[in-house]
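Any read-out appearing in this document is the output of simple, stated calculations on the displayed coordinates, not a laboratory observation. From a predicted model like this one, the values you see are computed outputs, not experimental measurements. Every residue, glycine among them, receives a Cβ derived from its backbone with ideal geometry; neighbour counts consider all protein chains shown.
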Amino acid sequence: MCLPSDEAELRRWSEFVVTRWSQERDPRFACLEACCLGMAMTRADFLKIARAYVDCRNENRSPQGTRVFW
């Protein structure tokens, strides 16, 4: 499954992933939890959002700023 194209839904997924990532939850269990909440999220989607979050918050972030290009 690919990431949602709807801005509001993508924001909802991102908030979900960042919350679970900061709580150090296992991505497999977080994806199961997401499916139970109606988000058809795969492990690859979870890791892609987590990677974008880490890249934006890292001191070595890209010169483009904090804008994430999916």
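How far apart, in nm, are two points set 7 Å out from the Cα along the Cα-to-Cβ line at ALA44 and at ARG12? Between ALA44 and ARG12, the label points sit 2.3 nm apart.
Extension gain for SER5 to ARG51 (0.36 nm times residue separation, less C-alpha to C-alpha distance): 14.7 nm. For the stretch 3-53, what does the alpha-carbon gyration tensor say about shape, rounded, prolate or oblate, given a ≥ b ≥ c as the root eigenvalues, a/c under 1.5 as rounded, and a/b over b/c as prolate? It comes out oblate by the Cα gyration axes.
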